[in-house]
Amino acid sequence: MTAYFAPAKLNLTLRVGPPQVDGRHPLDSLVCFTKRLGDHLLVGTATDLELEISGPFSESLSAGKDNLVCRAAQILADVGGIPAKANIRLMKNLPIASGIGGGSADAAAALHALNNFWELNLPLPDLLVLGAQLGADVPACLTGQPVHMTGTGETLTPIGPLAAMGVVLVNPGVPCPTGPVYRAYDELGAGLDIVIRPVPDVSERESLLAYLCEVPNDLERAAISLVPEVAEAMEHLTASPDVRFVRMSGSGATCFALYDDELAAQAGKNFVLTGLANRGFWVEADRI
């Protein structure tokens, strides 16, 4: 079987412009990925397209043809001119509708895994075109590397090395679907034109933190209006020892905190877990 890792995606920054004629929003985001936290896919032989989902966040996820993994498999098979035959096993470790690209990362992993499994050997630029048809975050997830994401997610600029930092992710256990957050954002009248500027050198910790302090996540207020627990998660992270920076990722509801190293991040995780005991919040530590 072919195995592939689908890491969590973090929007370290996220500027959002007003909706275009097609309803999509122009974006400006510095995106990175976790090292260990993520979903896992296994791909094997089958007489049809089969998706089996397990893991802590599998129960509320459909395994039907509308699943982004199945959609990714189908469009790849169509391009390759082959029948979509594969058994895909998805270990769902990341929360659903959480702003850390779980579904997008799974779709990207499926494209990579099946491209190899079916021996289509499509180059990355071709996969990026397919990924853009599936969602704004899929192209970035296909790269798996820190990128500056602009356009409506399809324009990706590598930024070179990103400062290594410890990270704690907190999700309140409440779905925060992208569509309603963007609608709330538009209703708040916050969608102003954005001016795209290159991302500076963020290979050093202090330069990265300085850049993050300058560029916000425009969707935070809209997400909090729908899921107040986002603010609570940020408050607990902000109070954690040795924390350097706190923000919501993507359209929420997952929030993250950055620390100088993984040891500090583990201490931050323990602090947050103590404060949110028995609240049903998902709390994990890793590094970027």
- Item | Per-peptide average of other Cβ atoms within 10 Å, ordering 206-217, 66-77 highest first | 66-77, 206-217
- Item | Within the chain, percent of DSSP bridges classed antiparallel, to nearest 5 | 85 percent
- Item | Equivalent-ellipsoid semi-axes of the range 105-208, from the Cα gyration tensor, Å, largest first | 26, 21, 17
- Query: For Lys85, which lysines qualify as cross-link partners when the Cα separation must be under 20 Å and same-chain residues fewer than eight apart are set aside?
  - Reply: Lys65
- Largest to smallest accessible area among Leu142, Leu226 [probe 1.4 Å]: Leu226, Leu142
- Note on the structure: Summing -39500 (n - 2.57) over every DSSP H run of at least 4 in the chain, dividing by its residue total and rounding to the nearest 500, the 222 nm mean residue ellipticity is -10000 deg cm²/dmol
- Query: To the nearest 10 degrees, how steeply does helix 124-134 sit against the main Cα axis of the chain, on a 0 to 90 scale?
  - Reply: 80 degrees
- Note on the structure: The answer for Glu50, listing residues at least 5 apart or on another chain whose modeled amide H is closer than 5 Å to its amide H, is Ala86, Asn87, Ile88
- Message: For a Förster distance of 51 Å, can you work out the FRET efficiency between the beta-carbons of Glu59 and Ser207, rounded to the nearest 0.05?
- Response: 0.75
- Task: State, as an integer percentage, the relative contact order of the chain based on alpha-carbon contacts under 8 Å between residues 6 or more apart.
- Result: 23 percent
- Points 7 angstrom from Cα along the Cβ direction at Leu42 and Asn87: gap in nanometres? 0.9 nm
- Message: If N is the number of residues in the range 152-288, what value comes out of its Cα radius of gyration divided by 2.2 N^0.38 Å?
- Response: 1.09
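At 1.4 Å probe size, with every protein chain present, just tell me what the per residue accessible area of the range 60-150 comes to in Å².
On the way: 3380 Å² over 91 residues.
About 37 Å² of surface per residue is accessible.
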- Message: Heavy atoms only, 1.4 Å probe, whole protein assembly: order His236, His40 by accessible area, highest first.
- Response: His40, His236
- Which far-off residues, 5 or more places away or on another chain, put their amide H under 5 Å from the one on Gly250, with H placed in the peptide plane? Asn11
- Task: Work out the FRET efficiency for Gln74 and Ala277 from their Cβ-Cβ distance, taking R0 = 51 Å, and round it to the nearest 0.05.
- Result: 0.75
- Report, in degrees rounded to the nearest 10, the 0 to 90 angle that the Cα long axis of helix 205-214 makes with the longest principal axis of the chain. 80 degrees
- Counting only DSSP beta bridges with both partners in the range 23-148, the antiparallel fraction in percent, to the nearest 5, comes to 55 percent
- Added length on full extension, which subtracts the Cα-Cα distance from 0.36 nm per residue, Asp126 to Arg24: 34.5 nm
- Message: For the chain, take the longest principal axis of its alpha carbons; what is the angle in degrees between that and the long axis of helix 178-187, to the nearest 10 within 0 to 90?
- Response: 50 degrees
- Task: Over the residues of the chain, compute the C-alpha Rg and express it relative to 2.2 N^0.38 Å.
- Result: 0.97
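The values are calculated or read from the model by the stated rules, or taken from the named source; none is laboratory data. On a predicted model such as this, the values are computed, not experimentally measured, just so you know. Neighbour counts run over all protein chains shown; Cβ positions are idealised from the backbone, glycine included. Side chains included, ligands, DNA and RNA excluded: accessible areas come from the protein's heavy atoms. Shrake-Rupley method; radii C 1.70, N 1.55, O 1.52, S 1.80 Å.
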